[in-house]
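What follows is a single structure, written as structure tokens, with notes after it.
The values are calculated or read from the model by the stated rules, or taken from the named source; none is laboratory data. Predicted, not measured: the structure shown is a model, and the values here were computed from it. With ideal geometry, Cβ positions are generated from the backbone for all residues, glycine too; neighbour counts draw on all protein chains shown. Only protein heavy atoms, including side chains, enter the accessible area calculation; ligands, DNA and RNA are left aside. Shrake-Rupley method; radii C 1.70, N 1.55, O 1.52, S 1.80 Å.
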Amino acid sequence: MRPSDMPQVRSLELFESMSDSNFDTLMQAAYLQTFPAQLELITEGDPADFLYIVIEGCVELIARTNGRESTMGMVRPVGTFILAAVLKDAVYLMSARTCKRSKVLMVPSQNIRDVFQRDEAFARAIVVELASCYRGVVKEHKDLKLRSAVERLANRLLRYNLDQGDTGILELPHDKRTLASLLGMTPENLSRAFNTLKPYGVVVRGNKISLTDLESLTTLAKPNPLIDDRTT
């Protein structure tokens, strides 16, 4: 890794409180690389050789079985994957591919485990990261289990609107097939859900969405911070 990249990596929450010597040990064998879009970085079932940290871009986590494929989540800066497999020295439970041109830090798993054992500040940061990941999974599971398809879509549109400036005009960050998979729907069900939301002021033009009646949409969606707040 280039010396010019070190300050950016050192400032990451996962590394900022650890000792200089242990940080240097981790970075000696680390790689910071830029990958093109649609490149598969890891394959489920393979040994977890590296911890991956998305610095720029976006990475899609995917699971496959019996000829079917589903999007399990999206990792954006600054986010890690697949930390639990690294600590357990286990195989990846998901595959991962870049959604667009992405800069990714790769740290050998054995180095992570070695430093985890001797650096208390790094160990605490790892625990916090794992706790955040676990809570995120619980919230996604609640979203899938407790809401109808239309409610899931309505809440996701409200989230995207807030992320993009709360103007009532937004652009879907993924294609509709990926969005359907994230929400636990088929593309056909997603299309029907969009049609159901028309009376609530949702106007669809390709990947651009206008929310012309936010009050009605919010009343339908019933956002819940115990599901939708990603900061806690």
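Please note which helices (runs of 4 or more DSSP H) are completely contained in the range 118-231 and include at least 1 residues that are within 30 Å of A37 (Cα to Cα).
Hits in the range 118-231: 120-146, 149-163, 176-182, 187-196, 225-228.
Restricting the search to the range 98-148, which residues are open to solvent by less than 60 Å² (accessible area, probe 1.4 Å), hydroxyl-bearing (S, T, Y) and either under 18 Å from E16 (Cα atoms) or touching a residue at least 40 places away in the same chain (Cβ under 8 Å) (or both)?
Hits for the range 98-148 are T98, S102, S109.
Conditions tested, residue by residue: (1) at pLDDT 95 or above; (2) open to solvent by 30 Å² or more (accessible area, probe 1.4 Å).
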site	(1), (2)
F23	no, no
A30	no, no
F35	yes, yes
I53	no, no
E56	no, yes
N66	no, yes
V75	no, no
A90	yes, yes
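Can you say whether T43 is farther than 19 Å from D119 by Cβ, open to solvent by 20 Å² or more (accessible area, probe 1.4 Å), within 20 Å of the chain's Cα centre (by Cα) and at pLDDT 95 or above, as far as the supplied structure shows?
Yes; evaluated as a whole, the condition is true for this residue.
Quick check on my filter: what residues within the range 26-48 are assigned to a loop (DSSP other than H, G, I, E, B) and farther than 22 Å from T71 by Cα? Walk me through it before giving the result.
Applying the first criterion (assigned to a loop (DSSP other than H, G, I, E, B)) to the range 26-48 yields 29-30, 36-39, 43-46, 48.
Passing the criteria: A29, A30.
Under 25 Å from T98 (Cα atoms), buried (at least 16 other Cβ atoms within 10 Å of the Cβ) and modelled with pLDDT of 95 or more: which single residue out of L197, L217, L157 fits that description?
On the way: L197 fails: under 25 Å from T98 (Cα atoms); L217 fails: under 25 Å from T98 (Cα atoms).
Unique residue meeting the criteria: L157.
Quick grid of which residues meet (1) within 17 Å of the chain's Cα centre (by Cα); (2) under 23 Å from N111 (Cα atoms):
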| residue | (1), (2) |
| --- | --- |
| Q38 | yes, no |
| V54 | yes, yes |
| G57 | yes, no |
| E60 | yes, no |
| M74 | yes, no |
| L87 | no, yes |
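Scan the range 1-15 residue by residue and report those that are free of Cβ contacts under 8 Å to residues at least 60 places away in the same chain, under 24 Å from the mean Cα position of the chain (by Cα) and part of a loop (DSSP other than H, G, I, E, B).
S11
Mind listing just one residue for me: the one in the range 169-194 that is modelled with pLDDT of 95 or more and among the acidic types (D, E) and, of those, least open to solvent (accessible area, probe 1.4 Å)?
Applying the filter and picking the extreme gives E171.
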